[in-house]
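The structure under discussion appears below in the form of structure tokens.
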Amino acid sequence: MELSCKSQYALLALLELAAHYPQSEPLQIRQIASQHHIPERYLEQLLATLKRSGLVRSQRGAKGGYLLAKEPWKITLFDVVVCLEGSNSDSTRNSRHKSLESLVVGEVWQEADQMANSIWQKYTLKDLCEKLDAKRQTNLMYYI
């Protein structure tokens, strides 16, 4: 299982918004796009989807842009992935015409999916920001 490009770009944008959350200043699409090398038009579509789900909000005007709609500790990675990718809970239905082997494989796949979802639900944007800050601290090199 791999994180889709769509989810990865959205998480990068949300991390940027989470990092600027304390300032309560909106970020423009071009700022986020240039910082993370995301095509602006694609990022605009992703942010529109996240806005419809209530994860971000937009502010109009000369100093407008996007902000998180909730506190970073209230947005889980699961919220983001489900918003963009949808839920996989429908994948095991319609099992009437499947072979026994397909059912067994489907059960194991569903178990793996549930485990992945529990990990996505465990982490918030704040957790990712803290991990990022910790990595930045360990990567600092001091020269004398």
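Which FRET efficiency value, to the nearest 0.05, do you get for GLU25 and GLU107 by plugging their Cβ-Cβ distance into 1/(1 + (r/R0)^6) with R0 = 41 Å?
E(calc), rounded to 0.05, equals 0.25.
Quickly work out the GLN114-to-LYS126 label distance, labels modelled 7 Å from Cα along the C-beta direction, and quote it in nm with one decimal.
Roughly 2.9 nm, to one decimal.
If you average over every viewing direction, what projected area does the convex hull of the Cα atoms of the chain give, in nm²?
In nm², the orientation-averaged hull projection of the chain is 12.0.
Using a simple charge model, +1 on the beta-carbon of Lys and Arg, -1 on the beta-carbon of Asp and Glu, nothing else, what dipole does the chain show about its Cα centre, in debye to the nearest 20?
520 debye
Sorted by packing (mean other beta-carbon atoms within 10 Å per residue), highest first, where do 27-34, 55-62, 98-105 land?
Descending mean neighbour count gives 27-34, 55-62, 98-105.
Please list the helices of the chain that count as membrane-span-like by this rule: a mean Kyte-Doolittle hydropathy of at least -1.0 together with Cα atoms stretching 15 Å or more along the helix axis, each helix being a complete DSSP H run.
Span-like helices in the chain: 5-19, 40-52, 100-122.
At a 1.4 Å probe radius, carbon and sulfur cover how many percent of the accessible area of the stretch 9-124?
Taking all protein chains in place, the stretch 9-124 shows 51 percent carbon and sulfur surface.
So if we plug the beta-carbon distance of ARG136 and HIS36 into 1/(1 + (r/R0)^6) with R0 = 25 Å, what FRET efficiency do we get, rounded to 0.05?
Between ARG136 and HIS36 the formula returns 0.95.
Compute the normalised compactness of the stretch 1-70: alpha-carbon radius of gyration over 2.2 N^0.38 Å, N being the residue count.
Numbers: Rg = 11.4 Å, N = 70, 2.2 N^0.38 = 11.1 Å.
Scaled against compact globular proteins, the figure is 1.03.
Can you give the helix-only mean residue ellipticity at 222 nm for the chain, where every DSSP H stretch with n ≥ 4 adds -39500 (n - 2.57) and the sum goes over all residues, rounded to the nearest 500 deg cm²/dmol?
Details: 6 runs with 83 residues, N = 144.
Helices in the chain give a 222 nm mean residue ellipticity of -18500 deg cm²/dmol.
Count the lysine pairs in the chain that are 8 or more places apart or on different chains: how many have C-alpha atoms under 20 angstrom apart?
For the chain, qualifying lysine pairs total 14.
The values are calculated or read from the model by the stated rules, or taken from the named source; none is laboratory data. Predicted model only: the values in this text are computed from it and were never measured. Here the Cβ is made from the backbone with ideal geometry for all residues, glycine too, and neighbour counts use every protein chain on show. Remember, those area values only see protein heavy atoms, side chains included, never the ligands or the DNA or RNA. Shrake-Rupley method; radii C 1.70, N 1.55, O 1.52, S 1.80 Å.
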